[in-house]
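The values are calculated or read from the model by the stated rules, or taken from the named source; none is laboratory data. As the structure is a prediction and not an experimental result, all values here were calculated from the model. Cβ atoms come from the backbone with ideal geometry, glycine included; neighbour counts cover every protein chain shown. Side chains included, ligands, DNA and RNA excluded: accessible areas come from the protein's heavy atoms. Shrake-Rupley method; radii C 1.70, N 1.55, O 1.52, S 1.80 Å.
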Amino acid sequence: MLKLRQLQKQKQQEKQQETISSESKVQSSQIRLQKDITELDLPPSIKLQFPNEGDISNFIITIQPREGYYKNGKFRFSVGVTDNFPMEPPKIKCLQKIYHPNIDLEGNICLNILREDWSPVLNLNSVIIGLNFLLLEPNSNDPLNKQAANVLSKNKNLFASNVKSSMRGGYVDDEYYDHIM
Amino acid sequence: MELLGKIGPYNEVADEYDAAASVEALSESKVLVIGAGGLGCEILKNLSLTGFKKIHVIDMDTIDISNLNRQFLFRLKDVGKSKAEVAAKFVESRTQGVEIVPQFCKIQDKPLDYYKQFVCIICGLDSVEARRWINATLVTLAGEDIIIPLIDGGTEGFKGQSRVIFPSINSCYECTLDLVTPKITYPVCTIATTPRLPEHCIEWANEIEWPRIHSTKFDADNPDHVEWMYQTSLARAESFNITGVTKSLTLGVVKNIIPAIASTNAIIAASCCNEAFKLITNCNPMLDDYMMYSGDESIFTYTYKNIKKSDCPVCGNDLKVVKAEKWWNLKEFIEEIKHQKDIQMTNPSLSTKFQKLYFSSPESLRLATEKNLQMKLSDLVGDEEVIVTDPKLPISLRVRIVFN
Ligand SMILES: [Zn+2]
């Protein structure tokens, strides 16, 4: 243990350090989350709500696109961050039943940076921007709602009118969608 | 012991080196082995055969029949029993004078005081989470001037690494978190609509069907849960004409298991135990501080030193003391922080483990925390640490408030 003693001596010479009890130490995932949240730089069409006082790990995002197929809809997503953040990506779900090729009826979202392309160097901002992009530019390549994807690839006008009627709360292809205007 | 009798040419502490003391240290030093799986079995065997006499081993798992091919301390009759307990008994029965104390529990179940008794901890885990936990725990202890070196081994198929962490002195596990191979995931759209591989079907059952049908969390140790997962995946695979869904693949996918190679475990465990041996006996310089081993494309090892990250959330920012007047409110304290030359923050956000003190953004959090600005600082914070971040700065700051 002589090596350790050497190292320890070196360190003590460098600095006299204050200590803090471990019970009041903040978890590293929370520190990172605090950084991510305060660094958010979002367009005014995106709003955040924190329903639980004191808890920044679970919150709601509301996106109100100003253009595109989903213009003027109010889309709500839940975001949950675990203690393993940023190793694990944030868990995001759509809270409404919406007609979207890349979002299924349970609210699961097909967005690469939320799963297979997530990396700790990404942050909350990139994920939310990605989500916003998905509402502006739905794509038929990664379908989670196959019917919607089919319509989008074959008939853009029909897709647009399907989106409109689904957003008012109504049936598209025998499936009822939530009112989100 | 002959090996320790002569001073080696590379010995770093030749003036102080004492062979007899080294031999004694070996038998007197209490070490902890975390994990009694593939690596753990090797580590326990190596340590006891190199002369360590006082060993604790901790593992929460029980023995599964699939472990028997490489976890050589276990026999068929041991299936279902605690890994730590069986491994401890086996090694004790084979080596004279070795005392191994097994702990059949999670590392998180043990209090901080438990870890203080060890001079060194050797870690052979397959879990990133558990490693992060023990790393953070040891850095915390280092804050109390108890420095317990962590020797960490890890393997993944034909690849592995070993490293030596002197908590708070050199780079810690969290400093290099981006080296960790991410969990294999598949695009959710492939899983949901166009599965091609048996893994896609299992992920579909696991991620889409399970939460839709069950309200409880999936438990990989519950046979009923596993059976459901297997049957559901199998049915899915059949409907897409995909073959290859088996029970062990199902378990492998849901638990994210990468096949373990016995020889990789042996090599990495050997490296870890060598480091423990050198640490205790001072006989030769230690690994400084990371050795990667790759056996999949011929054979290759590379040793280098990681850089201690100044903004590492665990070991990076040393605690900074900021003095405050007893009568200050939070706003006055924030002004103080802004004016401290060595902090240089313009828009700080502050929180403790227990609450958000003030968030400068986003708008909704600013509004929710604004009321705290007028509150008395001493009513909001005691001696717990305060985390201060600023959007403009890449670092976060741990602050301790001392009232005048
Ligand atoms: Zn670190």
Handout entry: Pairs with Cβ under 9 Å, 6+ apart, first in the range B:331-348 and more than 13 Å from B:Phe359 (Cα to Cα), second open to solvent by 70 Å² or more (accessible area, probe 1.4 Å) and part of a helix (DSSP H, G or I)
Key = B:Gln344/B:Lys338; B:Met345/B:Lys338
Exercise for the section: Answer yes or no as to whether B:Lys320 is within 14 Å of chain A (Cβ to nearest Cβ) and open to solvent by 60 Å² or more (accessible area, probe 1.4 Å). Expected result: no
Problem - helices (runs of 4 or more DSSP H) (entirely within the range A:65-181) containing at least 1 residues that are open to solvent by less than 30 Å² (accessible area, probe 1.4 Å) and under 19 Å from A:Leu40 (Cβ atoms) - result: A:124-136
Handout entry: Residue tally, condition farther than 12 Å from B:Pro362 by Cα and either part of a strand (DSSP E or B) or at the interface with chain B (Cβ under 9 Å from one of its Cβ atoms) (or both), over the range A:25-54
Key = 10
Practice task
Would you check if there is a residue in the range B:328-347 being crowded, with 17+ Cβ neighbours inside 10 Å and under 29 Å from the mean Cα position of the chain (by Cα)?
Solution key: no
Practice task
Among the residues of the range A:45-70, count how many are of a type in the set (Gly, Ala, Ser) and modelled with pLDDT under 90.
Solution key: 1
Completion exercise
Flagged in the range B:302-314 as more than 14 Å from chain A (Cβ to nearest Cβ) and either open to solvent by less than 20 Å² (accessible area, probe 1.4 Å) or within 16 Å of the ligand (Cβ to nearest atom) (or both), in numbering order, are B:Asn306, B:Ile307
Fill in the blank from the handout: Taking the range A:71-90 and keeping residues without any contact (Cβ under 8 Å) to a residue 40 or more places away in the chain and among the hydroxyl-bearing types (Ser, Thr, Tyr) leaves A:Ser78
Exercise for the section: Being within 11 Å of another protein chain (Cβ to nearest Cβ) and touching a residue at least 12 places away in the same chain (Cβ under 8 Å) narrows it down to one of B:Ile134, B:Ile208, so name that one. Expected result: B:Ile208
Practice task
Return a yes/no flag: does the range B:219-232 have any residue that is aliphatic (A, V, I, L, M), modelled with pLDDT under 85 and within 16 Å of the ligand (Cβ to nearest atom).
Solution key: no
Problem - B:Asn274 open to solvent by 60 Å² or more (accessible area, probe 1.4 Å), closer than 25 Å to B:Val164 by Cα and more than 16 Å from the ligand (Cβ to nearest atom) - result: yes
Handout entry: Any pair with Cβ under 8 angstrom, 6 or more apart, that starts in the range B:291-317 at a residue that is farther than 24 Å from A:Lys25 by Cα and of a type in the set (D, E, K, R) and ends at one that is open to solvent by less than 70 Å² (accessible area, probe 1.4 Å) and within 16 Å of the ligand (Cβ to nearest atom)
Key = B:Lys305/B:Asn170; B:Lys305/B:Ser171; B:Lys305/B:Asp289; B:Lys305/B:Tyr290
Practice task
Take the range B:177-203 and flag every residue that is open to solvent by less than 70 Å² (accessible area, probe 1.4 Å) and away from chain A (no Cβ under 11 Å).
Solution key: B:Pro195, B:Pro198, B:Glu199, B:His200, B:Cys201, B:Ile202
Exercise for the section: Inspect the range B:318-327 for any residue being under 30 Å from B:Cys272 (Cβ atoms) and either under 31 Å from the mean Cα position of the chain (by Cα) or touching a residue at least 12 places away in the same chain (Cβ under 8 Å) (or both) and give the result as yes or no. Expected result: yes
Practice task
Check B:Glu144, B:Glu209 and return the single one that is modelled with pLDDT of 85 or more and either among the acidic types (Asp, Glu) or under 17 Å from the mean Cα position of the chain (by Cα) (or both).
Solution key: B:Glu209
Problem - Boolean, B:Thr369 is closer than 20 Å to A:Ile31 by Cα, more than 9 Å from chain A (Cβ to nearest Cβ), more than 31 Å from the chain's Cα centre (by Cα) and crowded, with 19+ Cβ neighbours inside 10 Å - result: yes
Practice task
Any residue in the range A:59-70 that's free of Cβ contacts under 8 Å to residues at least 24 places away in the same chain and more than 20 Å from B:Pro362 (Cα to Cα): show its pairings with residues that are open to solvent by 60 Å² or more (accessible area, probe 1.4 Å) and not in a strand (DSSP E or B) at Cβ separation under 9 Å, as long as the two are six or more apart or on different chains.
Solution key: A:Arg66/A:Pro44; A:Arg66/A:Asn72
Completion exercise
Scanning the range B:286-306 residue by residue, those part of a loop (DSSP other than H, G, I, E, B) and under 11 Å from B:Arg163 (Cα atoms) turn out to be B:Met286, B:Leu287, B:Asp288, B:Asp289, B:Lys305, B:Asn306
Exercise for the section: Any residue in the range B:33-50 that's farther than 11 Å from B:Ala88 by Cβ: show its pairings with residues that are open to solvent by 10 Å² or more (accessible area, probe 1.4 Å) and of a type in the set (D, E, K, R) at Cβ separation under 6 Å, as long as the two are six or more apart or on different chains. Expected result: B:Gly35/B:Asp59; B:Gly38/B:Arg70
Fill in the blank from the handout: Reported set for the range B:315-367 where residues are among the hydroxyl-bearing types (Ser, Thr, Tyr) and either outside any loop (DSSP other than H, G, I, E, B) or within 16 Å of the ligand (Cβ to nearest atom) (or both) is B:Ser349, B:Ser351, B:Tyr358, B:Ser364
Fill in the blank from the handout: Scanning the range B:372-404 residue by residue, those closer than 29 Å to A:Ser45 by Cβ, open to solvent by 40 Å² or more (accessible area, probe 1.4 Å) and facing chain A (nearest Cβ under 7 Å) turn out to be B:Pro391
